[in-house]
Amino acid sequence: MNEISFNQKDLKSHAANIRRSILRIAEQSSGPSHIGGSFSIVEILTYLYGHYLNIKIDDPRWMQRDRFILSKGHAALGFYVALTEFGIMPESVLESYKKDESKIIAHPIQDLDFGIESSNGSLGHGLAFGVGLAWATRAKNQENRIVVLLGDGECNEGSVWEAAMSAAHLQLTNITAIVDANGLQSDGTTESVMKINQIENVWKSFGWEAIKINGHDFTEIDKAFKTSQTISAPVVIIAETTKGKGVSFMENNNEWHHGRITQTLLEQAVSEIGSNTDDNRWSV
Amino acid sequence: MLSEKFNPRQIARLGPRATYGQALLEFAKVNDSVIAMSADLGNSSGLDRFKATFPNRFINVGIAEQNLVGVASGISQLGYVPYASSFAPFLACRALEQIRMNLGYMASNVKLVAIGSGISMGYLGNSHFGLEDAGLIHAIPGITIISPADCIEVVNAVEACARTNDPTFIRLTGLPNSPMVYEESSEFEIGKAVEIRPIGDITFVASGSMVATCLSAAKILEETGLSVGVVNMHTLRPLDETCLTSIANQSRLIVSAEEHAVTSGLNSVVGDFLQRNKFSIPQIKLGLPPKFLENGSYEYLMKRYELDADSIVKKILHELKQ
């Protein structure tokens, strides 16, 4: 684990930067972007790249690095911005988002030099990939950890449960899954589209340990990740989040699942995010 | 060469599946990166001894082919070379999108082995047949596709595909005691077809089980005074275009043959090549009809769908009369 001390204020500042940057890049790319689902994972990404993940910015292919998989690949914009915020992806690459011949588009394309471990976009692929990484990591006696971020809607995919089953069976303790439980998917609420009763119990029944947290609260995120390393089972963190978190007109509004932001709306949104890092809204 | 460790007659008796398992075991002894993976068909893939010898290098993901491919892809990221086997449709149809994302889009170094492909599963029926696997995998860019002609070539394919980091799909056709094409350990290079009988007026371009059948047909045809070549096109991709060009330039008739639906796979790939390069040589396509097949034994079905040597001879002679 990273030795940097946990500084809530710094992380909040990074999170605000990331939200503003997501909006700016989305606006200049002039088409719709997956803003809502990017915003719901900002604190998680900030915590991972700002504190938790053991990676080397100057050696992105370092074999012993922790590996992060964005299985909910449509939140790629938030992912790219976080990678840039923490110095892994060059600014120039981020600026090329969704331009012709760009390397980064609406879904991640594996590029180890930019910290993108796998290609995603089609849902239900990341956890199996992560299970393979975790198995190989253990086989090589490496200490690094594997973190896979899934959407709650994504948990509709049967392949998620095939992978969950195998992680427990293979007794992998070096993998942590996070479910971004923002309660919304493309067609509406997870409740209305495909209800999964007590999702943490479903994971538990598959042999995982489940920890439920507020996914916008750094203290809770930190505690969950630290706890996950002490448990002798694969651990899932059910992060309850708000889709579109941080901008009033986006919060819980599924139009922002894949929405287009105009200059006017951008200004309004940025003013809400502000620059006051003491603002406590991010920890609910 | 790995195939030198095997007695061709002995493995021919075992059949392609058991040969695969033994070949992988022998290969794992000299290559530490090799991992065997299965979706509850380890024993059917001849991997029981592998499992006993290298329990830490064998992974069973249960009856979950999608996960088989995804986990294999993850494992490959750290330099391991996972070989994952299951019945042809369970890989190529059930896990097709996982194959597309992992072996295609990400070009993960995973070796998939489709056991019991074609119609060798006989009475197990269409649910288990590999009728479309080569065509489906060929539709995804970048995946090497190998269809060994006999058990020696199964061993060769297992070894050769680890020489590159290319994602690979190996389809195994035939049964125990299926005819041998190679009497002894043979040279094998991915993408390089083998002229088993020199290019003739008529030249067969066959893969998998059809190589031996076409050899039999060629012998019968030659008795009628025709010169007949047989090429083992064991690699569907990358296609040996040099070899096909030679055939197109030298032969009067090309006969492609594959134990697979005739509407995709080798027959289509050869036809597409000839058309793209504006060759006017006629092509006869030998394969299974594009439909779910009737029920029957392997032998019965091969005759029923005219993929036995006698039917092939009859068809070619009829064609020549036209």
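The values are calculated or read from the model by the stated rules, or taken from the named source; none is laboratory data. From a predicted model like this one, the values you see are computed outputs, not experimental measurements. Note: ideal-geometry Cβ built from the backbone for every residue, glycine included; neighbour counts use all protein chains shown.
Quick look at the numbers
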read-out: Any hit, segment B:9-30, residues being surrounded by fewer than 21 Cβ atoms within 10 Å (Cβ to Cβ), in the same structural domain as B:Met121 (by TED's automatic domain parsing) and not in a helix (DSSP H, G or I); value: no
read-out: Of all residues in segment B:194-252 being acidic (Asp, Glu) and in contact (Cβ under 8 Å) with a residue 24 or more places away in the chain, the one that is surrounded by the most Cβ atoms within 10 Å (Cβ to Cβ); value: B:Asp240
read-out: Test: residue in segment A:237-247 that is aliphatic (A, V, I, L, M), modelled with pLDDT of 95 or more and over 23 Å from A:Asn17 (Cα atoms); value: yes
read-out: Top-ranked residue in segment B:100-119 [being among the aliphatic types (A, V, I, L, M) and part of a loop (DSSP other than H, G, I, E, B); ranked as surrounded by the most Cβ atoms within 10 Å (Cβ to Cβ)]; value: B:Val110
read-out: Subset of segment A:104-125 [more than 9 Å from chain B (Cβ to nearest Cβ) and of a type in the set (D, E, K, R)]; value: A:Asp111, A:Asp113
read-out: Residue check, B:Val205 under 23 Å from B:Val154 (Cα atoms), among the β-branched types (Val, Ile, Thr) and in contact with a Ser or Thr (Cβ under 6 Å, 6 or more places away or on another chain); value: yes
read-out: Of the criteria (1) within 14 Å of chain A (Cβ to nearest Cβ); (2) in a loop (DSSP other than H, G, I, E, B), which one B:Asn43 fails; value: (1)
read-out: Qualifying helices (runs of 4 or more DSSP H) (wholly inside segment A:126-213; at least 3 residues being away from chain B (no Cβ under 14 Å) and either in contact with a helix residue (DSSP H, G or I) (Cβ under 9 Å, 6 or more places away or on another chain) or surrounded by fewer than 22 Cβ atoms within 10 Å (Cβ to Cβ) (or both)); value: A:190-193, A:199-205
read-out: Any chance A:Ile25 is over 29 Å from A:Gln142 (Cα atoms), assigned to a helix (DSSP H, G or I) and either in contact with a helix residue (DSSP H, G or I) (Cβ under 6 Å, 6 or more places away or on another chain) or more than 14 Å from every other protein chain (Cβ to nearest Cβ) (or both); value: yes
read-out: Matching residues in segment A:72-119 - criterion: being in contact with a His (Cβ under 9 Å, 6 or more places away or on another chain) and farther than 17 Å from A:His258 by Cα; value: A:Ala82, A:Glu85, A:Phe86, A:Ser118, A:Ser119
read-out: In segment B:78-99, the residues that are surrounded by fewer than 21 Cβ atoms within 10 Å (Cβ to Cβ) and within 11 Å of chain A (Cβ to nearest Cβ); value: B:Leu78, B:Gly79, B:Arg94, B:Glu97
read-out: Qualifying residue in segment A:85-104 (condition: among the hydrophobic types (A, V, I, L, M, F, W, C), in contact (Cβ under 8 Å) with a residue 60 or more places away in the chain and surrounded by fewer than 24 Cβ atoms within 10 Å (Cβ to Cβ)); value: yes
read-out: Any pair with Cβ under 8 angstrom, 6 or more apart, that starts in segment B:63-76 at a residue that is more than 7 Å from chain A (Cβ to nearest Cβ) and within 14 Å of B:Phe90 (Cβ to Cβ) and ends at one that is assigned to a helix (DSSP H, G or I) and among the charged types (D, E, K, R); value: B:Glu65/B:Arg94
read-out: Residues of segment A:142-159 classified as of a type outside the set (Gly, Ala, Ser) and over 18 Å from A:Gln64 (Cβ atoms), total; value: 8
read-out: Filter pass, A:Ser5 being modelled with pLDDT under 95 and under 15 Å from A:Phe218 (Cα atoms); value: yes
read-out: Within segment B:120-177, considering residues that are among the small types (Gly, Ala, Ser) and in a helix (DSSP H, G or I), the one nearest to B:Val110 (Cα to Cα); value: B:Ala162
read-out: Residue list for segment B:52-71, filter: surrounded by 18 or more Cβ atoms within 10 Å (Cβ to Cβ), part of a helix (DSSP H, G or I) and not acidic (Asp, Glu); value: B:Arg57, B:Gln66, B:Asn67, B:Leu68, B:Val69, B:Gly70, B:Val71
read-out: From B:Gly208, B:Gly142, residue being outside the structural domain of B:Gly46 (by TED's automatic domain parsing) and of a type outside the set (A, V, I, L, M); value: B:Gly208
read-out: Single residue of segment A:59-103 satisfying the filter (under 17 Å from the mean Cα position of the chain (by Cα) and among the basic types (Lys, Arg)) that is farthest from the other protein chains (Cβ to nearest Cβ); value: A:Lys72
